[in-house]
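A short write-up of the structure that comes next.
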Amino acid sequence: MRSQTSPGVLAPPRHVAIIMDGNGRWAAERGLPRTWGHRQGVEAVRRTVRAARERGIDYLTIYSFSSENWSRPAAEIDDLMGLMRRFIKSDLAELHQSNVRVHVIGDRDRVDPELLALIDEAIDLTSLNTGLTLVIAFNYGARTEITKAVRSLAHRVASGELHPDDIEPEHVSGSLETAGIPDPDLLIRTSGEMRLSNFLLWQSAYAELVFLDAYWPDFGHELLEEAIKIYHARDRRFGGLTQRSTA
(Lines give C-alpha, C1' and ligand atoms only; values in the text may rest on other atoms or scores of the structure.)
Protein backbone atom coordinates (compact mmCIF):
# COMPACT_ATOMS: atom_id res chain seq x y z
CA MET A 1 0.00 0.00 0.00
CA ARG A 2 1.46 3.35 -1.05
CA SER A 3 2.34 5.73 1.79
CA GLN A 4 1.84 9.47 1.68
CA THR A 5 4.72 11.45 0.16
CA SER A 6 5.94 14.49 2.07
CA PRO A 7 5.55 17.90 0.38
CA GLY A 8 8.52 18.67 -1.85
CA VAL A 9 9.56 15.00 -2.10
CA LEU A 10 9.22 13.34 -5.49
CA ALA A 11 6.59 10.61 -5.53
CA PRO A 12 8.20 7.20 -6.02
CA PRO A 13 7.53 4.99 -9.04
CA ARG A 14 5.06 2.28 -8.15
CA HIS A 15 7.34 -0.55 -9.32
CA VAL A 16 11.14 -0.42 -9.36
CA ALA A 17 13.16 -3.29 -10.86
CA ILE A 18 16.91 -3.63 -10.36
CA ILE A 19 19.65 -5.57 -12.13
CA MET A 20 22.15 -5.90 -9.30
CA ASP A 21 25.47 -5.90 -11.16
CA GLY A 22 29.09 -5.41 -10.20
CA ASN A 23 29.67 -7.51 -7.09
CA GLY A 24 32.70 -9.26 -8.57
CA ARG A 25 34.30 -6.11 -9.92
CA TRP A 26 33.68 -4.31 -6.62
CA ALA A 27 35.62 -7.08 -4.88
CA ALA A 28 38.38 -7.29 -7.51
CA GLU A 29 39.12 -3.56 -7.24
CA ARG A 30 39.69 -4.09 -3.50
CA GLY A 31 41.82 -7.19 -3.91
CA LEU A 32 39.09 -9.35 -2.38
CA PRO A 33 37.57 -12.63 -3.60
CA ARG A 34 34.36 -12.43 -5.64
CA THR A 35 32.47 -14.16 -2.83
CA TRP A 36 33.09 -11.15 -0.60
CA GLY A 37 31.50 -8.93 -3.25
CA HIS A 38 28.40 -11.13 -3.25
CA ARG A 39 28.20 -10.92 0.55
CA GLN A 40 28.36 -7.14 0.41
CA GLY A 41 25.73 -7.29 -2.30
CA VAL A 42 23.34 -8.90 0.19
CA GLU A 43 23.90 -5.95 2.53
CA ALA A 44 22.96 -3.67 -0.37
CA VAL A 45 19.74 -5.68 -0.82
CA ARG A 46 18.87 -5.09 2.84
CA ARG A 47 19.51 -1.34 2.52
CA THR A 48 17.50 -1.13 -0.67
CA VAL A 49 14.50 -3.01 0.72
CA ARG A 50 14.43 -0.65 3.71
CA ALA A 51 14.79 2.38 1.45
CA ALA A 52 12.00 1.16 -0.86
CA ARG A 53 9.69 0.62 2.12
CA GLU A 54 10.44 4.05 3.53
CA ARG A 55 9.86 5.66 0.11
CA GLY A 56 6.47 4.04 -0.33
CA ILE A 57 7.42 1.96 -3.36
CA ASP A 58 4.81 -0.76 -3.85
CA TYR A 59 6.88 -3.32 -5.79
CA LEU A 60 10.62 -3.94 -5.82
CA THR A 61 11.95 -6.62 -8.17
CA ILE A 62 15.58 -7.71 -7.84
CA TYR A 63 17.53 -9.93 -10.24
CA SER A 64 19.32 -12.19 -7.78
CA PHE A 65 20.32 -15.18 -9.96
CA SER A 66 19.84 -15.53 -13.69
CA SER A 67 19.41 -18.79 -15.58
CA GLU A 68 22.69 -17.93 -17.34
CA ASN A 69 24.55 -17.79 -14.00
CA TRP A 70 24.80 -21.60 -14.02
CA SER A 71 27.78 -21.19 -16.37
CA ARG A 72 29.83 -19.67 -13.54
CA PRO A 73 32.33 -21.73 -11.53
CA ALA A 74 30.69 -24.31 -9.26
CA ALA A 75 32.19 -22.76 -6.12
CA GLU A 76 30.69 -19.37 -6.95
CA ILE A 77 27.28 -20.92 -7.68
CA ASP A 78 27.39 -22.73 -4.33
CA ASP A 79 28.19 -19.46 -2.60
CA LEU A 80 25.32 -17.65 -4.32
CA MET A 81 22.89 -20.40 -3.35
CA GLY A 82 24.20 -20.26 0.19
CA LEU A 83 23.65 -16.52 0.32
CA MET A 84 20.02 -16.99 -0.75
CA ARG A 85 19.56 -19.53 2.05
CA ARG A 86 21.11 -17.26 4.65
CA PHE A 87 19.15 -14.23 3.46
CA ILE A 88 15.84 -16.05 3.89
CA LYS A 89 16.80 -17.58 7.23
CA SER A 90 18.14 -14.34 8.72
CA ASP A 91 15.80 -11.78 7.16
CA LEU A 92 12.44 -13.51 6.78
CA ALA A 93 11.23 -12.63 10.28
CA GLU A 94 12.10 -8.95 9.81
CA LEU A 95 10.53 -8.85 6.36
CA HIS A 96 7.34 -10.38 7.73
CA GLN A 97 7.28 -8.01 10.71
CA SER A 98 7.75 -5.09 8.28
CA ASN A 99 4.66 -6.20 6.31
CA VAL A 100 6.74 -7.12 3.23
CA ARG A 101 5.24 -9.71 0.89
CA VAL A 102 7.81 -12.00 -0.73
CA HIS A 103 7.21 -13.30 -4.25
CA VAL A 104 9.76 -15.39 -6.17
CA ILE A 105 9.83 -15.87 -9.95
CA GLY A 106 12.06 -18.19 -11.95
CA ASP A 107 12.57 -21.87 -12.72
CA ARG A 108 12.61 -24.35 -9.87
CA ASP A 109 14.70 -26.79 -11.94
CA ARG A 110 18.23 -27.46 -10.61
CA VAL A 111 17.52 -25.63 -7.36
CA ASP A 112 18.25 -27.61 -4.19
CA PRO A 113 15.05 -28.93 -2.54
CA GLU A 114 16.08 -27.49 0.84
CA LEU A 115 16.37 -24.03 -0.70
CA LEU A 116 13.04 -24.47 -2.51
CA ALA A 117 11.42 -25.30 0.83
CA LEU A 118 12.82 -22.09 2.33
CA ILE A 119 11.54 -20.10 -0.64
CA ASP A 120 8.07 -21.63 -0.27
CA GLU A 121 8.13 -20.87 3.46
CA ALA A 122 8.92 -17.21 2.77
CA ILE A 123 6.14 -16.95 0.19
CA ASP A 124 3.56 -18.65 2.40
CA LEU A 125 4.43 -16.75 5.58
CA THR A 126 4.22 -13.32 3.93
CA SER A 127 1.38 -13.99 1.47
CA LEU A 128 -1.17 -11.84 3.32
CA ASN A 129 1.14 -8.88 3.95
CA THR A 130 0.04 -5.61 2.38
CA GLY A 131 3.19 -3.48 2.32
CA LEU A 132 6.06 -3.62 -0.15
CA THR A 133 6.03 -6.63 -2.47
CA LEU A 134 9.59 -7.90 -2.84
CA VAL A 135 9.85 -9.88 -6.07
CA ILE A 136 13.00 -11.99 -6.21
CA ALA A 137 13.95 -13.17 -9.70
CA PHE A 138 15.88 -16.33 -8.86
CA ASN A 139 17.06 -18.79 -11.51
CA TYR A 140 15.14 -16.51 -13.85
CA GLY A 141 15.40 -15.82 -17.56
CA ALA A 142 12.89 -13.72 -19.48
CA ARG A 143 13.09 -15.71 -22.71
CA THR A 144 12.28 -18.91 -20.84
CA GLU A 145 9.41 -17.16 -19.06
CA ILE A 146 7.96 -15.89 -22.36
CA THR A 147 8.41 -19.30 -23.99
CA LYS A 148 6.46 -20.94 -21.17
CA ALA A 149 3.71 -18.32 -21.52
CA VAL A 150 3.45 -18.99 -25.27
CA ARG A 151 3.37 -22.74 -24.61
CA SER A 152 0.57 -22.25 -22.07
CA LEU A 153 -1.47 -20.24 -24.57
CA ALA A 154 -0.83 -22.88 -27.25
CA HIS A 155 -2.29 -25.54 -24.94
CA ARG A 156 -5.36 -23.37 -24.39
CA VAL A 157 -5.79 -23.01 -28.15
CA ALA A 158 -5.33 -26.76 -28.70
CA SER A 159 -7.98 -27.52 -26.08
CA GLY A 160 -10.44 -25.16 -27.76
CA GLU A 161 -10.53 -22.82 -24.77
CA LEU A 162 -9.02 -19.94 -26.75
CA HIS A 163 -9.11 -18.99 -30.43
CA PRO A 164 -5.78 -17.83 -31.93
CA ASP A 165 -7.36 -14.64 -33.29
CA ASP A 166 -8.53 -13.72 -29.80
CA ILE A 167 -5.06 -13.69 -28.25
CA GLU A 168 -4.16 -10.20 -27.02
CA PRO A 169 -1.09 -8.84 -25.18
CA GLU A 170 -3.10 -9.16 -21.97
CA HIS A 171 -3.24 -12.93 -22.47
CA VAL A 172 0.55 -13.06 -22.65
CA SER A 173 0.94 -10.82 -19.59
CA GLY A 174 -1.51 -12.99 -17.67
CA SER A 175 0.48 -16.12 -18.53
CA LEU A 176 3.79 -14.77 -17.21
CA GLU A 177 5.13 -15.40 -13.71
CA THR A 178 4.48 -11.75 -12.91
CA ALA A 179 0.75 -11.99 -13.61
CA GLY A 180 -1.08 -9.61 -11.29
CA ILE A 181 2.02 -7.47 -10.72
CA PRO A 182 2.16 -4.10 -12.52
CA ASP A 183 4.93 -3.63 -15.07
CA PRO A 184 8.02 -1.81 -13.76
CA ASP A 185 8.02 1.96 -14.14
CA LEU A 186 11.74 2.27 -13.46
CA LEU A 187 14.44 -0.31 -14.22
CA ILE A 188 17.88 0.34 -12.71
CA ARG A 189 21.13 -1.40 -13.60
CA THR A 190 24.29 -0.81 -11.61
CA SER A 191 27.96 -1.13 -12.67
CA GLY A 192 27.70 0.98 -15.84
CA GLU A 193 26.64 -1.88 -18.11
CA MET A 194 23.84 -0.92 -20.50
CA ARG A 195 21.81 -4.01 -21.32
CA LEU A 196 18.82 -5.90 -19.92
CA SER A 197 20.53 -9.30 -19.72
CA ASN A 198 17.33 -11.31 -20.25
CA PHE A 199 15.49 -9.57 -17.39
CA LEU A 200 11.76 -8.73 -17.57
CA LEU A 201 11.90 -8.29 -21.35
CA TRP A 202 8.12 -8.28 -21.84
CA GLN A 203 7.30 -6.34 -18.70
CA SER A 204 9.86 -3.57 -19.34
CA ALA A 205 8.40 -2.43 -22.66
CA TYR A 206 7.74 1.06 -21.29
CA ALA A 207 9.99 1.13 -18.23
CA GLU A 208 12.38 4.03 -17.86
CA LEU A 209 15.91 2.59 -17.94
CA VAL A 210 18.54 4.12 -15.65
CA PHE A 211 22.14 2.89 -15.80
CA LEU A 212 24.36 3.86 -12.87
CA ASP A 213 28.16 3.65 -12.78
CA ALA A 214 28.20 2.50 -9.15
CA TYR A 215 28.67 -1.17 -8.30
CA TRP A 216 25.81 -2.95 -6.56
CA PRO A 217 27.53 -3.29 -3.13
CA ASP A 218 27.54 0.54 -2.94
CA PHE A 219 23.82 0.85 -3.68
CA GLY A 220 21.36 2.16 -1.11
CA HIS A 221 19.09 5.08 -0.27
CA GLU A 222 21.16 7.80 -1.99
CA LEU A 223 21.55 5.99 -5.30
CA LEU A 224 17.89 4.96 -5.26
CA GLU A 225 16.98 8.64 -4.84
CA GLU A 226 19.32 9.55 -7.70
CA ALA A 227 17.58 7.04 -9.97
CA ILE A 228 14.14 8.34 -8.95
CA LYS A 229 15.21 11.91 -9.80
CA ILE A 230 16.38 10.75 -13.23
CA TYR A 231 13.07 8.94 -13.67
CA HIS A 232 11.09 12.09 -12.88
CA ALA A 233 13.13 14.10 -15.38
CA ARG A 234 11.99 11.84 -18.22
CA ASP A 235 9.02 12.42 -20.53
CA ARG A 236 6.96 9.23 -20.48
CA ARG A 237 5.03 9.23 -23.75
CA PHE A 238 4.02 5.56 -24.08
CA GLY A 239 3.93 6.09 -27.84
CA GLY A 240 1.74 9.20 -27.49
CA LEU A 241 2.19 12.82 -26.44
CA THR A 242 4.54 14.04 -23.74
CA GLN A 243 3.68 12.89 -20.24
CA ARG A 244 5.83 13.71 -17.22
CA SER A 245 6.66 10.90 -14.79
CA THR A 246 4.03 11.22 -12.08
CA ALA A 247 3.80 7.65 -10.76
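The values are calculated or read from the model by the stated rules, or taken from the named source; none is laboratory data. Being a predicted model, the structure only gives us computed values, none of them experimental. In this analysis, Cβ positions are derived from the backbone assuming ideal geometry, glycine residues included, and neighbour counts consider all displayed protein chains.
Side notes on the structure shown:
- Scanning region 230-246 finds one or more residues that are more than 30 Å from Ala27 (Cα to Cα), in contact (Cβ under 8 Å) with a residue 40 or more places away in the chain and not in a loop (DSSP other than H, G, I, E, B).
- Matching residues in region 35-55 - criterion: being without any contact (Cβ under 8 Å) to a residue 60 or more places away in the chain, under 26 Å from Asp183 (Cα atoms) and surrounded by 18 or more Cβ atoms within 10 Å (Cβ to Cβ): Val42, Val45
- Whichever residue in region 210-236 is closer than 24 Å to Asn69 by Cα and in contact with a strand residue (DSSP E or B) (Cβ under 9 Å, 6 or more places away or on another chain) and, among such residues, is surrounded by the fewest Cβ atoms within 10 Å (Cβ to Cβ): Phe211
- Residue count, region 121-176 (criterion: in contact (Cβ under 8 Å) with a residue 60 or more places away in the chain and under 19 Å from Val100 (Cβ atoms)): 9
- Residues of region 68-116 that turn out to be in a helix (DSSP H, G or I), free of Cβ contacts under 8 Å to residues at least 60 places away in the same chain and of a type in the set (Asp, Glu), as a count: 6
- Checked against (1) surrounded by fewer than 15 Cβ atoms within 10 Å (Cβ to Cβ); (2) at pLDDT 95 or above; (3) touching a Leu at 6+ places or on another chain (Cβ under 8 Å), Val102 meets all criteria but (1).
- Some residue of region 1-22 being surrounded by fewer than 18 Cβ atoms within 10 Å (Cβ to Cβ) and in a helix (DSSP H, G or I): no
- Evaluated against (1) surrounded by fewer than 21 Cβ atoms within 10 Å (Cβ to Cβ); (2) aliphatic (A, V, I, L, M); (3) at pLDDT 95 or above, Ala207 falls short on exactly one condition, (1).
For (1) modelled with pLDDT of 95 or more; (2) hydrophobic (A, V, I, L, M, F, W, C); (3) over 21 Å from the mean Cα position of the chain (by Cα), each residue gets a yes or a no:
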residue: Thr5; (1), (2), (3): no, no, yes
residue: Val16; (1), (2), (3): yes, yes, no
residue: Asp21; (1), (2), (3): yes, no, no
residue: Ala27; (1), (2), (3): yes, yes, yes
residue: Gly31; (1), (2), (3): yes, no, yes
residue: Val42; (1), (2), (3): yes, yes, no
residue: Ala52; (1), (2), (3): yes, yes, no
residue: Asp58; (1), (2), (3): yes, no, no
residue: Pro73; (1), (2), (3): no, no, yes
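- Inside region 155-181, residues that are surrounded by 13 or more Cβ atoms within 10 Å (Cβ to Cβ) and either in a loop (DSSP other than H, G, I, E, B) or out of contact with any Ser or Thr (no Cβ under 6 Å at 6 or more places or on another chain) (or both) make up a count of 12.
- Region 23-54: number of residues that are among the aliphatic types (A, V, I, L, M) and outside any helix (DSSP H, G or I): 1
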